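One structure is given below, encoded as structure tokens.
What follows is calculated from the coordinates using simple rules that are stated; it is not laboratory data. Note that this is a predicted model, so its numbers are computed, not measured. With ideal geometry, Cβ positions are generated from the backbone for all residues, glycine too; neighbour counts draw on all protein chains shown.
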Amino acid sequence: MTKYHFSIQLLILFQLSSIISAIRKDIGFQQIRSCRNTVQGRYLLSDDNGHVCDALSVDPQSRCCPENGSRFSCQGCNLVSQCCNSYEFCVSCCLHPSRTQEAQVLRVKISKPSTAVSYTSVFDFCAGRCRHNSESVVHENAYLSDFHHCFSLPSNSSGANYTQLEARLGGINVVIGKQGESCDSACKSYGQSCVLNKLLVLNQCDM
């Protein structure tokens with residue numbers, strides 16, 4: 001074998017090695033994105049990343065909403081009362097780390113103390129809390145207002161304190177009525193109007 005042929009073989013071997021190396025560097029496994037979502041509304045849903053989308057836009061494989069929309073949206077929510085007029089936006093708003101502290105919600109009990117278990121994630125808390133909230137109903141069969149999807153911590157949880165309750169009464173003038181007098185009557189006598197969804201806050205013993 002001549003020196004010339006040996007050089008050609010080395011060159012071909014080097015080129016093949018470079019091609020194989022380049023191919024191996026390009027090969028990789030993309031991480032499969034997966035989401036949990038509310039799967040409740042007829043038209044909208046919220047995923048555990050805080051995105052809201054319509055049912056037709058959700059990815060059928062990952063079950064995630066498109067990321068081109070706003071995240072942690074509080075559309076239709078009252079940030080003082082922490083209540084919303086839409087279940088899906090309640091969940092999205094609740095998922096914002098500045099509004100819901102993971103360390104607090106993981107201590108919240110789901111049911112009565114004797115059979116209680118804790119939430120396993122912030123998404124579980126938000127999805128469950130926004131769906132049914134005893135503090136947003138009156139007489140156990142009617143909502144206090146259209147803003148009945150609430151994500152505030154339960155009043156008997158360790159995370160709820162006087163400061164939070166005081167914030168929920170921001171802008172409200174408290175008047176004292178006579179025994180048996182309705183909220184409307186008591187407020188009208190002072191030239192005010194009754195705000196029904198604040199009565200449960202006022203009637204808490206820890207105030």
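Quick notes on this one:
- Stretchable slack from Val117 to Val175, in nm (0.36 nm times residue separation minus alpha-carbon distance): 17.0 nm
- Averaged over residues, the count of other Cβ atoms within 10 Å places the peptides 68-81, 86-99 in the sequence 86-99, 68-81, highest first.
- Calculated FRET value between Asp124 and Arg42, using beta carbons and R₀ = 35 Å, to 0.05: 0.95
- Contour excess over end-to-end distance, with Cα ends at Asn68 and Ser145 and 0.36 nm allotted per residue: 24.5 nm
- Estimated inter-spin distance, Arg99 and Gln75, nm [label 7 Å along Cα→Cβ]: 1.4
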